[in-house]
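Contents: one structure, followed by commentary.
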Amino acid sequence: MSTRVKPVPSRKKGVQAFPENPFWKDTKVKIGTKRITVTGGAYISDGGEEVKHGGIHVVRDVDESEFLKVYTKNVRAIFDLKPTSQRVLQYLMVELQKTPNADAVYLAWVGVEEYFSENDIEVSRSAFQRALKELIEKGFIAESTRPAMFWFNPNLFFNGNRMSFVHEYRRKPPEPEGDAHLQLDALSEESNDD
C-alpha cells in the first residue's frame, strides 16, 4: 500500500501504523500483475448538489490477444451487443490494427467471410448485414458514401495500447414511506401550477 501519510513501525511484525487515517489520500495497491488505485472525494454537481463518490481503478497488463478479448467482452456487455455483432466488432478491431491512424475501414463481405472462415466462426452474410446495422445504430460505425467503407467512432475504436471502462453506480434515493409519496406528488403539482 502506498500513501502520502508517513507510517511508523507497528507492534505487529511486518505492519505499519499511521498517526492519522491514510485512506483520506489516494491509495495504491499492487496485487500480482494488477495495480489498483482506490480514491474518492466530493464535488458540487451542475444542479448545486454535493455528490460524494468513491472509485476503484484497476490496471492490468495483458498480451495483444487478451487485450482484444477484454475489449470486445466489455463493449458487448456495456452496449448489449448481440453475439454476431460482437464477432463483427472483433473483426473490425483486427482490421483497425492493420491500418494505424485511419478513421475508416472497408468491410466488404469477401474479406469478412475469409476472416470468419480462417477463425472457424460461422456468420452468414445476412447476419453480418444485421450486425452492421446494429453497430451503426449504437454509434460504433457510420456508413460512408463509398461502397463498403465505414467510418468508425474514434472514441470507441483506437489503435493505442490502453483502454479504460468506467462503470458508475448511483444509489437510488429511498422511496417515501406510506402516503408520503402522494404528498410529494401534490406539492410538485402545485409548484407546476404557479
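The values are calculated or read from the model by the stated rules, or taken from the named source; none is laboratory data. Not measured: the values here are computed from a predicted model. Positions of Cβ are generated from backbone atoms using ideal geometry, with glycine treated the same way; all protein chains shown enter the neighbour counts. Surface areas here come from the heavy atoms of the whole protein model, side chains and all, with no ligands, DNA or RNA. Shrake-Rupley method; radii C 1.70, N 1.55, O 1.52, S 1.80 Å.
Give me the residue from the range 124-141 that is open to solvent by 20 Å² or more (accessible area, probe 1.4 Å) and not in a helix (DSSP H, G or I) and, out of that set, modelled with the highest pLDDT. Spell out how you get there, then give the answer.
Residues of the range 124-141 open to solvent by 20 Å² or more (accessible area, probe 1.4 Å): 124-126, 129-130, 133, 136-139.
Now restrict to residues that are not in a helix (DSSP H, G or I): 124, 138-139.
Numbers: SER124: 94, LYS138: 89, GLY139: 89.
Filtering the range 124-141 for residues that are open to solvent by 20 Å² or more (accessible area, probe 1.4 Å) and not in a helix (DSSP H, G or I), the one modelled with the highest pLDDT comes out as SER124.
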- Those residues of the range 100-123 which are open to solvent by 60 Å² or more (accessible area, probe 1.4 Å) and either assigned to a helix (DSSP H, G or I) or polar (S, T, N, Q) (or both) amount to ASN101, VAL110, GLU113, GLU114, SER117, GLU118, ASN119
- Task: Could you run through the range 142-157 and say how many residues are assigned to a strand (DSSP E or B) and touching a residue at least 12 places away in the same chain (Cβ under 8 Å)?
- Result: 4
